[in-house]
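Chemist: Once you've had a glance at the structure underneath, I'll fire off some questions.
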Amino acid sequence: MLFNYTLLIEETIFYKYINDAMKINLPKFLYGSMKLICFTVCLFFNSIILTAQQECNLYCTCNGNCTISGTYNNNATFVNQGILEIRGVFNNYDYFENTNNLNNRGSFQNDGLFDNNNYSLNIGTFNNLGTFNNSDIFENTTIFVNHGIIENTGSFTGGGSIYNYRTLSISNSPDTLDLGDNALVFYMNEPEVIPKYISKIGSSINDLISTSGSVTFLGELEVLLNDGKIPSEGEEFTIMTYGSRSGTFDTVILPSGYNWSLDYGETELTLTMNSLVPVDLLLFSGDSKINGVQLNWISSSEINNDYFEVERSVDGVNFETIGKVDGNGSSSMEHSYSFTDRSSLMVSNYYRLRQVDYDGSFSYSKIISVDRRNTDFAYQIGSNPIHNDVLDIKFFERNDDGIILSLSDINGRILFSKSIHNKVENIQLDNYDCGIYLLIINNKRRRYVERIVIP
């Protein structure tokens, strides 16, 4: 064992070596307020009790019976090959590997990588802010709080509680996260940090969290398709099993292009793909422009999509086709579309999309409305449907330039037209059959169209 120097300053001991690893055989009576800083390699071969503040900046190994009653800051690599018992505070900021036996009775905070390859027991509080990799048995009898990532190929036991504050996902997905009899609680510890569970569905298996304890749902669930998985109609996926449950996820994000149902059963959470959605629309909107109405829509996925027909209506019931836009066949990518209606009426225009597949089957989008009326020209129509075969119109501005009133049927055929200058006009309509008509108001600046009904 070669040292460059050994220095004692205000009860702080600094060890540094040149050519060899440092082997520290500390007796069990090492107590006090000393601070040990190991800048190189520290090997604990015998039974030790560390009650002072300890710090490792390179490599530390416990091969004997090691008890930490003070505070231990690991800034490098700590490997436990013996029996490590924590009764104080162990802060892991880099890499911790357990290959034998770990008993935590105090506080263990992981901000780096915790790799458990053997048996670990948590009786105190275990806070995971980094990556927790468990490939053997982790017995939790009190509280395990996850702020980071859990990678698990082993099992959890102990009947304690696992609190998930952030994102819970299975890194070697798709696989099973066995929580034993621990309770799982999705918990919002900070107002803007939402607890989340990400579950992936693979080509042959899917992610599964299993516990015989209770589960408290909160926050967000996101399900992803993995390995090119395309679910079949009626296929069911169990993504969590539990002894009991309470609550539901506040937000559920499911793969687009499918109709899903999520069932919170008494002992399991299941997801079923009910049917395909030929085109999944993320957006369908319209804006009034100078040259007409600009329609925009975005699809998140498409299956056998041949084309879209754009339909317009003045009453929201009877639609006509005014345009056609080609689709993108089958795609899992987002696609943006647009169409300008240059013949829109100066009224509330109603629009919908008729999506047509290659085989001729079709489906309709939701109906949207775009108001083209200009508020600087105000008028009021009396009762509509009209009363006693008389249409009453009142204008709220002077008509010195004259206004042309026209009446057409629903097909656009002009039935009459007249020029008026009065602020109040009464039009007799007793010569017309019952039905829907269009009243066209032209004030030489703009054209307005209103739907009227003759009962």
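The values are calculated or read from the model by the stated rules, or taken from the named source; none is laboratory data. Only a predicted model underlies this, so the values are computations on that prediction, with no experimental measurement involved. When we count neighbours, we look across all protein chains shown, and the Cβ atoms used for this are built from the backbone with ideal geometry, even at glycine.
Chemist: Do you know which residues across the stretch 266-279 are surrounded by 15 or more Cβ atoms within 10 Å (Cβ to Cβ), more than 21 Å from the chain's Cα centre (by Cα) and not in a strand (DSSP E or B)?
Modeler: PRO278 - this is the single residue of the stretch 266-279 that is surrounded by 15 or more Cβ atoms within 10 Å (Cβ to Cβ), more than 21 Å from the chain's Cα centre (by Cα) and not in a strand (DSSP E or B).
Chemist: Out of the residues in the stretch 135-160 that are out of contact with any Gly (no Cβ under 8 Å at 6 or more places or on another chain) and polar (S, T, N, Q), state the one that is modelled with the highest pLDDT.
Modeler: Among them, the one singled out is ASN146.
Chemist: Within the stretch 153-265, considering only strands (runs of 3 or more DSSP E) that don't extend past its boundaries, which have at least 3 residues that are within 30 Å of GLU302 (Cβ to Cβ)?
Modeler: In the stretch 153-265, 196-201, 220-225, 236-241, 251-253, 258-264 are the strands (runs of 3 or more DSSP E) which contain 3 or more residues that are within 30 Å of GLU302 (Cβ to Cβ).
Chemist: For the stretch 280-315, which positions are surrounded by 15 or more Cβ atoms within 10 Å (Cβ to Cβ), of a type in the set (Gly, Ala, Ser) and over 30 Å from GLY234 (Cβ atoms)?
Modeler: Result: GLY286, SER288, GLY292, SER313.
Chemist: Out of the residues in the stretch 318-338 meeting the condition of being under 19 Å from VAL293 (Cα atoms) and assigned to a loop (DSSP other than H, G, I, E, B), tell me which one is modelled with the lowest pLDDT.
Modeler: ASN318
Chemist: Further question on the same structure: Looking at VAL356 and the list (1) hydrophobic (A, V, I, L, M, F, W, C); (2) touching a strand residue (DSSP E or B) at 6+ places or on another chain (Cβ under 7 Å); (3) within 30 Å of PRO455 (Cα to Cα), which single condition is not satisfied?
Modeler: Single failed check for VAL356: (3).
Chemist: What number of residues within the stretch 88-106 satisfy the criterion of being among the small types (Gly, Ala, Ser) and farther than 14 Å from LEU121 by Cα?
Modeler: 1
Chemist: Among the residues of the stretch 114-152, write down those that are under 22 Å from GLY88 (Cα atoms), under 22 Å from the mean Cα position of the chain (by Cα) and part of a strand (DSSP E or B).
Modeler: THR131, VAL145, ASN146
Chemist: Would you pick out the residues in the stretch 409-440 that are surrounded by 14 or more Cβ atoms within 10 Å (Cβ to Cβ), modelled with pLDDT of 85 or more and within 20 Å of LEU345 (Cβ to Cβ)?
Modeler: ASP409, ILE427, ILE436, TYR437, LEU438, LEU439, ILE440
Chemist: Looking at this structure, is PHE132 surrounded by 19 or more Cβ atoms within 10 Å (Cβ to Cβ), closer than 15 Å to GLU151 by Cα and at pLDDT 75 or above?
Modeler: yes
Chemist: From VAL279, VAL325, VAL356, VAL347, grab the single residue that is β-branched (Val, Ile, Thr) and without any contact (Cβ under 8 Å) to a residue 24 or more places away in the chain.
Modeler: VAL325
Chemist: Still on this structure, please answer the following. So, SER406, is that one in contact (Cβ under 8 Å) with a residue 12 or more places away in the chain, surrounded by fewer than 17 Cβ atoms within 10 Å (Cβ to Cβ), among the hydroxyl-bearing types (Ser, Thr, Tyr) and farther than 24 Å from TYR350 by Cα or not?
Modeler: Taking the combined requirement at face value, the residue does not satisfy it.
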